[in-house]
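J.: Submitted below is the structure of interest, expressed as structure tokens.
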Amino acid sequence: MARGSVAAAADSSPSRGRGLRSAPQRFLEIWIEAAVGFLFCVILPIPLYATGRPFEHEMAGTEFTIIATAVAYSVVWYCGRRLDAFPRGSLRGNMGYVAPVAILTYGLIAALLLLVRADYSRVQFIGSGILTLFWMASVTHLRARFLVRTYAVMPRSTIHEMPELATCRWLDFDDVRARGLRVDAIVADLSAELGPGRLSALADAAIAGVPVLDRRYIVETLTGRTPLGGLTPNEFGALLPSRQYLLVRRGIELLFTILLLPLLLPLLLGVAAVVRFDSPGPVFFMQTRIGRRGQPFRMVKFRTMFHGAGGPSFTTTVDPRITRVGHFLRRCRLDELPQLVNVLRGDMSWVGPRPEAESLERGYVREIEYFALRSIVRPGVTGWAQINQGYAHDHDEMRSKLEYDLYYLKHCSLWLDLMIVLRTFAVVFRGTGAR
């Protein structure tokens, strides 16, 4: 029988749709990973330091150690899973946020134990932290290397548009049905004209327990970008972050900025002195940028170019206008530190879309559809687009960067902001994406 006849027959036969089989439930992997990790990081080391049978009599050092390591591991694992929900580039990026979370968690619990003067095994507590990092790094590496998810794609013509990832396998929906393969989900372009036969097949698959996902959703989940193609006005409501969260975040960032001022002031004074003596001109560079709801504001940075240098508003790859010190400040992002003034004034947040120069913003809004949506929230010193793509100027790059910004607007939360802050430290350490 011809291939087209097989596909037609499959479309016309509801029973064939019910023949689709779901892969084993993936959520079991999460709990198995958590349980095995708990045994490895908390339970198995107990015989090495326990005296007698734990919890047999009154609370002592052994019991406090077990409780402390159990709580610390649970917190780190939970935070790791929540942060792991967002796309990441590599194992290095994953450990870039897991390690700070683990250090902070174990450090806070150790401080609490010290405050209440509880006796516990410091060697085992620190050892548990090391084991937790080792376990999460190993699991992440194994998952990224060996866990391949299989998706049935409909229609076939969209397979080439799916992200090329080692952990994903994209198969034609008709082939999967004909061969009776197990799949993790069906990915369908619901904005396309699928036809009544295919819609009934999707319904039958959903009844059989196979997840049915919109192509835009899965692309967004895997890439961290909200595709501009097919974006409709009905989705604009999803781009509005929670007002309550934005209000709480504003209070938190003000508090932390004020608390960090005593630590940042010596660094600011030192950088200011270096900039002043490196080349003649003012220490600070101020430029009109576009902020929330399209309102202009004066953004302040350390000057990294020769005073009076003309040229375009954007920076080129090899820009002769940048001073010797300016190259270092840009690579380490130290030129952005004075923007804490803009954060305190309410012009900016620490996390958000990058504020564009007024002249560039007008051009981007005019030529790139939906670009003005970035101004829904305050611009940020760092952001999802900055850490994933880096510097951008031409229209193709800006369209890609806009997709990252729209993803941030749709998923704006404490966890995503925390992910961005932690990954920003890794970007600063490597000095990538700067101009």
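J.: Within the bounds of the range 173-185, is there any residue that is more than 26 Å from E397 (Cβ to Cβ), surrounded by 17 or more Cβ atoms within 10 Å (Cβ to Cβ) and among the aromatic types (F, W, Y)?
T.: Yes, because at least one residue in the range 173-185 is more than 26 Å from E397 (Cβ to Cβ), surrounded by 17 or more Cβ atoms within 10 Å (Cβ to Cβ) and among the aromatic types (F, W, Y).
J.: Sticking with this structure for a sec: Do we find a residue being over 13 Å from the mean Cα position of the chain (by Cα) and at pLDDT 90 or above anywhere in the range 410-417?
T.: no
J.: Right, something else. Being open to solvent by 50 Å² or more (accessible area, probe 1.4 Å) and more than 19 Å from L199 (Cβ to Cβ) narrows it down to one of R156, R143, so name that one.
T.: After ruling out the rest, the residue left standing is R143.
J.: Go through the range 28-51 and report how many residues are touching a Leu at 6+ places or on another chain (Cβ under 7 Å) and open to solvent by 30 Å² or more (accessible area, probe 1.4 Å).
T.: 1
J.: Right, something else. What's the total number of residues in the range 211-247 that are touching a residue at least 24 places away in the same chain (Cβ under 8 Å), over 16 Å from G352 (Cα atoms) and surrounded by 13 or more Cβ atoms within 10 Å (Cβ to Cβ)?
T.: 17
J.: Next question, about the same structure. Identify all residues within the range 231-269 that are touching a helix residue (DSSP H, G or I) at 6+ places or on another chain (Cβ under 6 Å) and under 16 Å from L402 (Cα atoms); write none if there are none.
T.: If the condition is that a residue be touching a helix residue (DSSP H, G or I) at 6+ places or on another chain (Cβ under 6 Å) and under 16 Å from L402 (Cα atoms), then A238, L239 are the ones that fit.
This table checks each residue for (1) part of a strand (DSSP E or B); (2) in contact with a helix residue (DSSP H, G or I) (Cβ under 6 Å, 6 or more places away or on another chain); (3) touching a residue at least 12 places away in the same chain (Cβ under 8 Å).
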position: G127; (1), (2), (3): no, no, yes
position: L133; (1), (2), (3): no, yes, yes
position: A152; (1), (2), (3): yes, yes, yes
position: R177; (1), (2), (3): no, yes, yes
position: I186; (1), (2), (3): yes, yes, yes
position: L194; (1), (2), (3): no, no, yes
position: A206; (1), (2), (3): no, no, no
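J.: For the range 143-150, check the following and say yes or no: at least one residue is hydrophobic (A, V, I, L, M, F, W, C) and not in a helix (DSSP H, G or I).
T.: The answer is yes; a qualifying residue exists.
J.: Also: For residues in the range 371-420 being under 25 Å from L334 (Cα atoms), aliphatic (A, V, I, L, M) and touching a Pro at 6+ places or on another chain (Cβ under 9 Å), which is surrounded by the most Cβ atoms within 10 Å (Cβ to Cβ)?
T.: By that ranking, first place goes to A385.
J.: Which of the residues spanning the range 325-339 are open to solvent by 10 Å² or more (accessible area, probe 1.4 Å) and at negative phi?
T.: V325, H327, F328, R330, R331, C332, L334, E336, L337
J.: Please name all residue pairs, on different chains or six or more residues apart, with Cβ atoms under 7 Å, provided the first residue is in the range 96-117 and is closer than 28 Å to R423 by Cβ and the second residue is part of a helix (DSSP H, G or I) and among the charged types (D, E, K, R).
T.: G96/R423; Y97/R423
J.: Scan the range 188-197 residue by residue and report those that are at pLDDT 85 or above and either in contact with a Ser or Thr (Cβ under 8 Å, 6 or more places away or on another chain) or open to solvent by 40 Å² or more (accessible area, probe 1.4 Å) (or both).
T.: Selection gives D189 alone.
The values are calculated or read from the model by the stated rules, or taken from the named source; none is laboratory data. Quick caveat: nothing in here was measured; it's all calculated off a predicted structure. Cβ: placed from backbone, ideal geometry, glycine included. Neighbour counts: every protein chain shown. What goes into the accessible areas is simple: the full protein's heavy atoms, side chains included, and nothing from ligands, DNA or RNA. Shrake-Rupley method; radii C 1.70, N 1.55, O 1.52, S 1.80 Å.
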